[in-house]
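Report on one structure; see the data block that follows.
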Amino acid sequence: MLMQGFMGFMWLLSTALTALSLFALVDAAFRREDAFRAVDKQTKPFWLIILAIALLVSVLFPLLSFLPVIGAVAVIVYIVDVRPAVRQISGGRGRGGRGGRRGGSSSDGPYGPYNGGR
């Protein structure tokens, strides 16, 4: 009974690591390449290769082996350190920097600045 619970927990943890690796890989793929260089966090191809290897390792090897732990560390570094820095440079979204506020004042409406009825 105890072993069955442990195996269920390990399966859940392995599935979560695979999902997190897939999320990080897709997120890195949609970020602008120049944003990686701007924040001095290696290059986009570097992170795509590292995250793709981490995803592959999390699928192919059991969680208690050495390689998935290294992959998990790489994914966590990307999500905690690289992603926020690149996201800040690219304006909040990865799809070419569209999204978020593009500047302007807080009184800007959907059709331009609000002038108070003047």
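Looking only at residues in segment 57-75 that are out of contact with any Phe, Trp or Tyr (no Cβ under 9 Å at 6 or more places or on another chain) and touching a residue at least 40 places away in the same chain (Cβ under 8 Å), which one is farthest from L22 (Cα to Cα)?
Only one residue fits best here, namely L64.
If we scan segment 5-25, do we find a residue that is part of a loop (DSSP other than H, G, I, E, B), modelled with pLDDT under 95 and among the hydroxyl-bearing types (S, T, Y)?
Taking segment 5-25 as the starting set, the residues that turn out to be part of a loop (DSSP other than H, G, I, E, B) are none.
No - not one qualifying residue is present in segment 5-25.
Can you tell me how many residues within segment 1-44 are under 21 Å from S90 (Cα atoms) and open to solvent by less than 60 Å² (accessible area, probe 1.4 Å)?
Residues in segment 1-44 being under 21 Å from S90 (Cα atoms) and open to solvent by less than 60 Å² (accessible area, probe 1.4 Å): 12 in total.
Could you list, in sequence order, all residues of segment 53-72 that are open to solvent by less than 40 Å² (accessible area, probe 1.4 Å) and not in a loop (DSSP other than H, G, I, E, B)?
Of all residues in segment 53-72, those open to solvent by less than 40 Å² (accessible area, probe 1.4 Å) come to 54-55, 57-58, 63, 65, 68, 71-72.
If the condition is that a residue be open to solvent by less than 40 Å² (accessible area, probe 1.4 Å) and not in a loop (DSSP other than H, G, I, E, B), then A54, L55, V57, S58, P68, G71, A72 are the ones that fit.
Determine, yes or no, whether V82 is in contact with a Gly (Cβ under 6 Å, 6 or more places away or on another chain), open to solvent by less than 50 Å² (accessible area, probe 1.4 Å) and either among the β-branched types (V, I, T) or modelled with pLDDT of 95 or more (or both). First the steps, then the outcome.
Working: in contact with a Gly (Cβ under 6 Å, 6 or more places away or on another chain): no; open to solvent by less than 50 Å² (accessible area, probe 1.4 Å): yes; either among the β-branched types (V, I, T) or modelled with pLDDT of 95 or more (or both): yes.
No; evaluated as a whole, the condition is false for this residue.
Take the conditions over 13 Å from the mean Cα position of the chain (by Cα) and among the acidic types (D, E) and apply them to D34. Does it pass? Even if it seems obvious, please write down each step before you answer.
Numbers: over 13 Å from the mean Cα position of the chain (by Cα): yes; among the acidic types (D, E): yes.
The answer is yes for D34.
Scan (1) in contact (Cβ under 8 Å) with a residue 40 or more places away in the chain; (2) within 16 Å of I76 (Cα to Cα); (3) part of a helix (DSSP H, G or I) for the single condition A35 breaks and write down its number.
That leaves (2) as the condition not met.
Just to verify a result, which residue in segment 26-48, among those that are touching a Lys or Arg at 6+ places or on another chain (Cβ under 8 Å) and of a type in the set (D, E), is modelled with the lowest pLDDT?
E33
The values are calculated or read from the model by the stated rules, or taken from the named source; none is laboratory data. None of the values given here were measured: they were computed from a predicted structure. A quick note on method: Cβ atoms are made from the backbone with ideal geometry, for glycine too, and the neighbour counts reach across all protein chains shown. Just the protein is used for accessible areas: all its heavy atoms, side chains included, with ligands, DNA and RNA removed. Shrake-Rupley method; radii C 1.70, N 1.55, O 1.52, S 1.80 Å.
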